[in-house]
1. If we scan region 271-281, do we find a residue that is surrounded by fewer than 24 Cβ atoms within 10 Å (Cβ to Cβ), free of Cβ contacts under 8 Å to residues at least 60 places away in the same chain and hydrophobic (A, V, I, L, M, F, W, C)?
2. Would a scan of region 271-284 turn up a residue that is modelled with pLDDT under 90, in contact with a Cys (Cβ under 7 Å, 6 or more places away or on another chain) and within 27 Å of VAL245 (Cβ to Cβ)?
3. Tally time: how many residues in region 347-362 are closer than 27 Å to THR410 by Cα and crowded, with 24+ Cβ neighbours inside 10 Å?
4. Does at least one position in region 19-35 carry a residue that is modelled with pLDDT under 95, assigned by TED's automatic domain parsing to the domain that holds GLY150, in a loop (DSSP other than H, G, I, E, B) and within 24 Å of PRO146 (Cβ to Cβ)?
5. Among (1) touching a Cys at 6+ places or on another chain (Cβ under 6 Å); (2) surrounded by fewer than 20 Cβ atoms within 10 Å (Cβ to Cβ), which single condition is ASP18 missing?
6. Among (1) of a type in the set (A, V, I, L, M); (2) closer than 17 Å to THR475 by Cβ; (3) not assigned by TED's automatic domain parsing to the domain that holds HIS54, where does ILE171 come up short?
7. Cβ-Cβ distance below 9 Å, separation of 6 or more or different chains: which pairs start in region 56-71 with a residue that is within 16 Å of THR37 (Cβ to Cβ) and end on one that is loosely packed, with under 14 Cβ neighbours inside 10 Å?
8. Against the conditions (1) within 22 Å of THR362 (Cα to Cα); (2) surrounded by fewer than 21 Cβ atoms within 10 Å (Cβ to Cβ), where does ASN308 fall short? Just the number, please.
Amino acid sequence: MTNVFKKNIRALRMRYQDIALTLERTHSNGIYAGTLTAHTGENIPFFRNNRTLHSRYNPWIEAERTLPAQPCFILFCGIGAGIHISVFLEKFRHACCAVCEFDYASFRALLEQVDLTHIIVQERVHFLHPLTHGSASQEIAQCYMPIIHGNFFVHYLQPWKAFFPTSEQKIAELTSQAMKIIRADFSVQVHFGKLWMRNALLNLRYAQIFTPKLPNINTQTEAIILGAGPSLEKGIEKIRSHRDVYTIFACDTAFPVCCTGGLMPDFFISIDPQYISYAHTMCSFPSQVTAIFDICACPCAVRSFYLNGNSLIFTGGGHPFSVYANRFSSLPFLETSSGTVAGAAYSVASFLGFTRITSVGTDFSYTNGKPYARGTYLSKQFEQKILRISPLETQFCNLMFRTPTRQDNTQGGITYSNEILDQYKRNFDQITPGARPWHAADFRAFPYKQFINFFHAQLRSKHAAALLAMLPFITWYKTKRTPQAPIFRILELVLEDVLRYTGCNE
């Protein structure tokens with residue numbers, strides 16, 4: 001282990017502990033054989049075939065010529081001595097980049113030869129796992145934010161690409177996967193970015209009023225998740241006849257069915273930011289039901305439970321602002337990555353300590369040609385639109401066949417599905433018991449005023465953590481309101497809106 005490697009590892013541990021640990025356990029393959037001094041005085045590495053990674057005469061001019069003319073986000077493939085990365089950081093003072101090597105063995109070989117600490121410590125540089133690790137697409141999706149960083153550009157050190165001939169194909173596949181993830185996130189952020197932000201700020205006001213408590217429940221019972229699929233109609237009868245053996249977690253869409261069917265759940269769960277979720281609470285329900293909301297959920301639904309005297313629990317999911325608020329004052333974690341309220345309800349049951357968890361109404365398909373169980377809000381809406389020439393079946397068909405569907409013949413009849421529902425089902429089936437159970441220390445009144453003052457201060461100083469928390473809102477603003485405005489103007493407008501939402505003035 002060389003002194004240069006030790007120095008590099010110490011720097012890596014500060015920001016990338018998992019990468020540093022893997023490198024320490026990896027043996028060098030000797031691909032980077034040593035360094036030589038360029039005419040301009042820099043130590044530049046060379047491969048064991050004696051080809052250098054930079055120009056031997058003036059690597060700075062070479063780097064300048066290969067970089068794009070305008071600021072963008074760059075994925076640097078091949079690190080070398082980091083000269084091209086340093087030129088990029090100097091040329092574009094606010095731009096960010098990511099860097100990668102081919103595999104861990106060659107990465108270690110490089111770190112044994114070249115001091116890269118000046119690159120590793122840069123906050124604007126993201127070190128990815130090597131290409132062979134397979135996680136680069138997810139990492140790119142996490143660090144590249146199109147609305148802030150602009151265009152995406154891949155930069156190769158040409159000797160590096162020639163030495164690793166399969167690297168170009170791997171990079172193409174990984175970046176394609178990353179862009180697919182980013183596009184999906186971007187479309188959701190454009191649609192819900194403002195609504196999420198507004199809801200979170202309003203809900204945190206509620207969260208300061210009361211001190212939630214860790215529910216005292218019997219985890220020896222069986223937790224059952226109630227979705228709003230057609231199978232809920234028969235399932236609810238079975239649950240009603242054996243009520244004592246279940247602890248019921250009702251998704252917001254299934255809640256009206258429980259209320260009208262005389263089956264009161266123990267928990268109500270909602271993650272939906274849309275106003276329509278308020279309609280699920282437009283029924284009479286007892287104050288014994290504990291309502292659990294993501295902080296980005298609809299505040300009108302929160303208000304229904306608050307005015308009814310129910311216990312409320314606010315949770316923090318994967319939304320950037322939720323993560324930001326949770327760092328200031330702990331919120332119980334809620335797993336929302338499945339994209340479904342049923343998945344969130346499953347995570348609640350798991351975090352509360354239940355080991356036996358089942359579900360009813362989680363069809364994720366149009367069972368027997370029906371989209372929802374009777375008694376749900378949408379089912380009632382369809383029933384109100386029935387005409388002689390447009391019966392209930394017509395209303396169902398308009399909903400089910402608006403996108404391409406797949407037909408499956410079953411013993412009970414015909415079941416229809418589509419790509420979106422299939423993905424929801426896969427996500428739900430892949431949920432595993434929670435690794436982070438809820439603790440009493442997670443339940444406390446949220447210090448709203450202190451948080452808002454802290455948030456305002458970081459926004460005004462353009463702190464990176466605050467900007468990341470606002471990313472979905474910034475994306476919405478850039479796309480819906482001011483598509484031609486520069487990013488600094490968008491940030492000013494976003495700050496004005498946040499001040500308005502929180503009732504504060506400059």
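1. No, region 271-281 contains no residue that is surrounded by fewer than 24 Cβ atoms within 10 Å (Cβ to Cβ), free of Cβ contacts under 8 Å to residues at least 60 places away in the same chain and hydrophobic (A, V, I, L, M, F, W, C).
2. For region 271-284, residues modelled with pLDDT under 90, in contact with a Cys (Cβ under 7 Å, 6 or more places away or on another chain) and within 27 Å of VAL245 (Cβ to Cβ): present.
3. 2
4. No, that holds for no residue.
5. Answer for ASP18: the failing condition is (1).
6. It fails just one condition, (2).
7. ARG56/LEU36; ARG56/THR37; ARG56/HIS39; TYR57/HIS39; ASN58/HIS39
8. (1)
The values are calculated or read from the model by the stated rules, or taken from the named source; none is laboratory data. Everything quoted here is computed from the prediction, not taken from an experiment. Neighbour counts run over all protein chains shown; Cβ positions are idealised from the backbone, glycine included.
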